[in-house]
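See structure below.
The values are calculated or read from the model by the stated rules, or taken from the named source; none is laboratory data. All of these numbers come straight from a predicted model, not from anything done at the bench. We place every Cβ from the backbone using ideal geometry, glycine too, and count neighbours over all the protein chains shown.
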Amino acid sequence: MPRKPRVDVAGALQHVVARGNGGGRIVTDDDDRLSLIAGMARAAERADWRVHAYCLMDTHLHAVVETPAPTLGSGMRRLLGGYAYEFNQRHGRYGHLFAGPFSASFVESEAYAVEVCAYVVLNPVRAGLVQAPEDWRWSSYRAPPVSSRRLRSSRRGSCRRCCTPTGSGRRSSTGSWFGRRRDVQDRGQAEA
């Protein structure tokens with residue numbers, strides 16, 4: 001059964017996941033991790049994304065991405081294709097690195113945005129790799145290893161507040177985005 005066509009609309013906030021082919025690793029060392037995060041920073045800059053949260057695991061990448069223009073598909077193709085090429089060159093391999101196209105789901109409300117940002121940065125905690133999200137070097141919960149205005153834009157606003165043990169102050173830094181949600185959803189359905 002073919003997958004449904006991806007809806008790529010301006011003003012959308014989406015949870016994006018890219019998985020390794022056959023459940024395999026997409027990074028093998030810190031150089032790979034730095035390269036993929038730097039690639040995400042370049043893609044965010046070029047496609048005019050705002051990355052609200054991200055987490056790089058060995059076998060997959062999560063990101064919560066706001067797209068002021070309908071550039072998610074083209075930006076992700078550039079990010080994943082460019083990184084796969086670099087990875088294959090560096091490691092002397094060939095073939096697919098990622099398992100088919102990335103998946104993306106709309107974030108429908110501010111409450112869900114807080115929940116999905118927490119889900120993303122808590123991934124290594126749930127996997128038993130670290131005790132707390134701040135212990136994982138490869139997520140937006142901590143300062144990213146590469147400098148990018150687009151990756152830093154909302155890190156402290158969303159992730160830290162949504163992941164506090166008390167749960168207090170759970171207001172997302174996405175601001176007025178959710179006031180535009182109905183219009184974005186209507187445009188997405190019209191384009192589907």
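Identify the residue in region 124-143 that is surrounded by fewer than 21 Cβ atoms within 10 Å (Cβ to Cβ) and either charged (D, E, K, R) or within 12 Å of the chain's Cα centre (by Cα) (or both) and, among all such residues, is nearest to VAL9 (Cα to Cα).
Among them, the one singled out is ARG142.
For the subset of region 80-100 comprising residues that are small (Gly, Ala, Ser), surrounded by fewer than 12 Cβ atoms within 10 Å (Cβ to Cβ) and over 16 Å from VAL17 (Cβ atoms), which member is modelled with the highest pLDDT?
So, considering only residues that are small (Gly, Ala, Ser), surrounded by fewer than 12 Cβ atoms within 10 Å (Cβ to Cβ) and over 16 Å from VAL17 (Cβ atoms), the one modelled with the highest pLDDT is GLY92.
Could you check region 97-118 and list, in sequence order, the residues that are assigned to a helix (DSSP H, G or I) and either in contact with a strand residue (DSSP E or B) (Cβ under 8 Å, 6 or more places away or on another chain) or closer than 19 Å to ASP8 by Cβ (or both)?
ALA113, VAL116, CYS117
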Hits in region 106-125 (condition: within 19 Å of PRO68 (Cα to Cα) and in contact with a Phe, Trp or Tyr (Cβ under 7 Å, 6 or more places away or on another chain)): SER109, GLU110
Taking region 56-74 as the region of interest, how many residues are out of contact with any Ser or Thr (no Cβ under 9 Å at 6 or more places or on another chain), without any contact (Cβ under 8 Å) to a residue 60 or more places away in the chain and part of a loop (DSSP other than H, G, I, E, B)? 3
SER105 vs (1) farther than 19 Å from GLY22 by Cβ; (2) touching a residue at least 24 places away in the same chain (Cβ under 8 Å); (3) surrounded by 14 or more Cβ atoms within 10 Å (Cβ to Cβ): all pass except (3)
Against the definition (part of a helix (DSSP H, G or I), at pLDDT below 50, surrounded by fewer than 16 Cβ atoms within 10 Å (Cβ to Cβ) and of a type in the set (A, V, I, L, M)), how does ALA190 come out, yes or no? yes
Being farther than 26 Å from PRO70 by Cα and polar (S, T, N, Q) is the filter here; which residues of region 10-26 pass it? ASN21
If I go through region 11-36 residue by residue, how many of them are of a type outside the set (S, T, N, Q) and in a loop (DSSP other than H, G, I, E, B)? 6
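Would a scan of region 37-48 turn up a residue that is under 22 Å from SER140 (Cβ atoms), β-branched (Val, Ile, Thr) and in a helix (DSSP H, G or I)?
yes
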